[in-house]
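The values are calculated or read from the model by the stated rules, or taken from the named source; none is laboratory data. Since the model is a prediction, treat every value here as computed from it, not as a measurement. Heads up, the Cβs are rebuilt from the backbone with ideal geometry, glycines too, and the neighbour counts pull from every protein chain shown.
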Amino acid sequence: MSSKMEISKICECCGKTFIAQKTTTRYCSHKCNSKAYKQGKRQFKMVGINYSTMKEIERLSDEYEKIKDKEFLSVKEASFLLSIGRTTAYRYLQEGKLKAIQTKGKTFIRRSDIDAMFNDTEEYQPKAKPTKEPKPLTELYTVAEIKGRFNIKESWLYKIARENNIPKTLIRGKSYFSKEHIDKYFEKKGFNESQDIKEWYSVEDIQEKYHLSTAAIYSFVSEQNIPRKKEGRKVLYSKKDFDIAKGYEQSQEAEYYTTEEAMKKYNLTRDALYHYVKYHNIPKIKEGRYVKISKPDLDKLFNPQIIL
C-alpha cells in the first residue's frame, strides 16, 4: 500500500505555509522554485564579481606600497601613478611635459618632476561646443520648375521630399525646395533632363527587344547607370546608352581593351583588374560572353600623366 505524507512547511521563497509531500521540499510552487534558483545564480555571480574586485584592489594597493616611498620611478611605475598607459607616458616624455634621465637603456622619472608637471600647466578650461547653424537656403526650385524639369507629378515630388528629408520652405504660401538637394537626388537616381537624348526605351520595349525580365532590366540599368527620365508613371531609359551597355552599339570614338589585353599590358590578375574597374568606375561593355574595358580610362588610371 502506498502512503501519502502531508507535512506543513513554510516556503523559503515567499514565506507562505503549504502542504508538502516530501520532507525535502523547500518551495510551495514551481514559480517560487524558479525564482529562488535565479536568485541563487545571481548571488553566486555577485560573489565572483566582488571577489575579482577585491583582488584588483589588493593588487593596486600592493603596487602603490612598492612605489610610495620611491623617489625615482620607471616609466611603468610613473604610468601607474598617473593612471595612464605607457604609450601616453612616453608621449609626455617626447613632448617635454615630463623630464627623465636615461642610463644603460633604462629610463627613470623623478617623483618631483611629476609634481612639477602639474605646477607648470595651465588650469583646464573646457571648450564650448561650437553651435552649428543650419545653412540658409539660397537657391530654390518652385514646384512647377521641378515638375517641368524632371517631368514628375506633384504628389511624387512631395513623397520623395518626405522620404529623403529634402529641405522645403514656404514663401507667401508657395512651397520651395532646395535646388542643391533636388539636383543631387535626381543625379543619384540617374534621371536625365538633357535634350541631347532623343530616343528612349520603355520597359516593355526592352523586354520585347532583349527578352529580359523586369527584375533583370532594373538590375542592369542600375549597375550600368543608364540615363532615365519619368513621364507620368512611366520610366524611360536612354536607347543609345542601353544599346551600348548591351554591346549592340559602339559609342563614338570608343576604344576598348579585352580582359586578356588589359591583364597582359599592366601585368594584372583577372581579380585585380576587375577590382580596379569596379573601384574606379571605369566604363566597360559586354560583347556576347566577353567584357571589354575602356582603353582611355584604364590608361589614365595607370598612367596619370596621359592627357586624354
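Before moving on, here are some points about what is shown:
- Within the range 91-120, the set of residues being in a helix (DSSP H, G or I) and touching a Ser or Thr at 6+ places or on another chain (Cβ under 9 Å) comprises Leu93 only.
- Among residues of the range 223-240, those that are surrounded by 12 or more Cβ atoms within 10 Å (Cβ to Cβ) and without any contact (Cβ under 8 Å) to a residue 24 or more places away in the chain, counted: 1
- Identity of the residue in the range 251-285, more than 33 Å from the chain's Cα centre (by Cα) and at pLDDT below 85, that ends up nearest to Asp241 (Cα to Cα): Ser251
- The set of residues in the range 70-88 being in contact (Cβ under 8 Å) with a residue 12 or more places away in the chain and closer than 11 Å to Ile114 by Cα consists of Glu71, Phe72, Leu73, Ala78, Leu81, Leu82.
- Scanning the range 270-285 for residues that are over 12 Å from Glu223 (Cα atoms) and in a loop (DSSP other than H, G, I, E, B) turns up His280, Ile282.
- Only one of the numbered conditions (1) surrounded by fewer than 10 Cβ atoms within 10 Å (Cβ to Cβ); (2) at pLDDT 85 or above is not met by Arg42, and that is (1).
- In the range 147-169, the residue that is surrounded by the most Cβ atoms within 10 Å (Cβ to Cβ) out of those that are of a type outside the set (Gly, Ala, Ser) and within 13 Å of Lys184 (Cβ to Cβ) is Phe150.
- Taking the range 78-88 as the range and being closer than 14 Å to Ile67 by Cβ and assigned to a helix (DSSP H, G or I) as the test, the residues that pass are Ala78, Ser79, Phe80, Leu81, Leu82.
- Test: residue in the range 260-267 that is under 21 Å from Val221 (Cβ atoms) and in contact with a Ser or Thr (Cβ under 8 Å, 6 or more places away or on another chain): no
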